[in-house]
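Visitor: My questions all concern the structure below.
The values are calculated or read from the model by the stated rules, or taken from the named source; none is laboratory data. All values derive from a computational prediction rather than experimental measurement. Neighbour counts run over all protein chains shown; Cβ positions are idealised from the backbone, glycine included. To get the accessible areas, we keep the full protein, side chains included, count just its heavy atoms, and leave off ligands, DNA and RNA. Shrake-Rupley method; radii C 1.70, N 1.55, O 1.52, S 1.80 Å.
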Amino acid sequence: LFGDAGRVLLIDNDPAAYERYLDAPREVCIRAPGGWDDREIVLRRDPSRIEYLQADFFDVERIHEFDVGIDWGLIEHFRDADKPAVLKVFQRFLKEGGLQISSCSRNTLSVRLFYRAFSDDLNFGYRELMNLTEFRAHLQQAGYLVEKACTLPAHNLVASRIRHSL
């Protein structure tokens, strides 16, 4: 969404998500990480590089177009039997050797309490909290080669690659 190069494809069939996208600022200032000379970093969004598809994720046919796929908390909304289908769609989008960055909510007391406290606003449907080992296993079973995995305070984060059947 932010940066000076490349293109972005956003897929969501929720009209409210599309409205949030339209209302998002063109520029955001964030605190710079430790070790940077500047205290803030300015991120600029160029809408001319962003394609927003209001569509069902499973119906989008963009075969091997992208170098990077980002999935921030999608897999957690599908039961185990359906997770491979979600991961196959990302594989379909990625070029050979493309990087998939995936995230899911962690199964920790603080995350469980957060979702309970905000259940009226956040729990519209199924959500499965996982530990990092479970999350990695889902990706590996779907054919992803995990390169790096870590935990953030509320999320598991995995960077992986897929090799397409030639």
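Visitor: Quickly estimate the mean residue ellipticity at 222 nm for the chain, helices only: each DSSP H run with n ≥ 4 gives -39500 (n - 2.57), and the total goes over all residues, rounded to 500. Please list the in-between numbers first.
Guide: Values: 5 runs with 43 residues, N = 166.
Only helices count here, giving -7000 deg cm²/dmol.
Visitor: Over the C-alpha atoms of segment 45-146, what are the Rg and the largest Cα-to-Cα span, Dmax, in Å?
Guide: 15.1, 42
Visitor: Right, something else. Quick one: what are the phi-derived ³J(HN,Hα) couplings along segment 27-43, Karplus 6.51/-1.76/1.60 with θ = phi - 60°, whole Hz, x for glycine and proline?
Guide: Once θ is set to phi - 60°, the couplings for segment 27-43 become 9, 9, 9, 10, 5, 6, x, x, x, 7, 5, 8, 7, 10, 10, 9, 9 Hz.
Visitor: Using a cut-off of 10 Å between beta-carbons, work out the net charge of the residues near N13 (Lys and Arg +1, Asp and Glu -1, N13 not included).
Guide: Values: positive: none; negative: D12, D14, D56, D59.
Charge balance near N13 sits at -4.
Visitor: Something else now. For segment 136-141, just list the computed ³J(HN,Hα) in residue order, Karplus coefficients 6.51, -1.76 and 1.60, θ = phi - 60°, integers in Hz, with x standing in for Gly and Pro.
Guide: 4, 4, 4, 5, 5, 5
Visitor: Could I ask something else about it? Please list log₁₀ I(q)/I(0) at q = 0.11, 0.21, 0.23, 0.27 Å⁻¹ for segment 1-76, using the Debye equation with identical point scatterers on the alpha-carbon positions.
Guide: -0.38, -1.12, -1.23, -1.38
Visitor: Calculate what fraction, in whole %, of the accessible area of the chain sits on carbon and sulfur atoms when a 1.4 Å probe is rolled over the protein chains.
Guide: Ligands and nucleic acids excluded, carbon and sulfur give 52 percent.
Visitor: A further question follows. Per residue, how many Å² of accessible area does segment 15-138 show with a 1.4 Å probe?
Guide: In whole numbers, segment 15-138 has 64 Å² accessible per residue.
Visitor: Same structure, new question: Amide H to amide H under 5 Å from H155: which residues, 5+ apart in sequence or cross-chain, H placed 1.01 Å off N in plane?
Guide: R106
Visitor: Can you give me the relative contact order of the chain as a percent, contacts being Cα pairs under 8 Å and 6 or more apart? Provide the component values of the computation, followed by the final result.
Guide: On the way: 264 pairs, mean separation 32.8, N = 166.
Once divided by the residue count of the chain, the mean separation gives 20 percent.
Visitor: Are there chymotrypsin sites (Phe, Trp or Tyr not before Pro) in segment 97-136 that DSSP marks as loop and that have at most 12 other Cβ atoms within 10 Å, and which are they? Working shown, then result.
Guide: On the way: sites: F114, Y115, F118, F124, Y126, F135; in loops: F118, F124, Y126.
Taking segment 97-136 and a limit of 12 other Cβ atoms within 10 Å, the loop chymotrypsin sites (Phe, Trp or Tyr not before Pro) found are F118, F124, Y126.
Visitor: Taking θ = phi - 60°, what integer Hz values does the Karplus form 6.51 cos²θ - 1.76 cosθ + 1.60 yield along segment 97-112, in sequence order, with x for Gly and Pro?
Guide: My calculation for segment 97-112 gives x, x, 9, 9, 10, 10, 9, 8, 5, 7, 8, 10, 4, 5, 5, 4 Hz in order.
Visitor: Quick check: the distance between the Cα centres of segment 104-158 and segment 1-62, to the nearest angstrom?
Guide: Result: 22 Å between the Cα centres.
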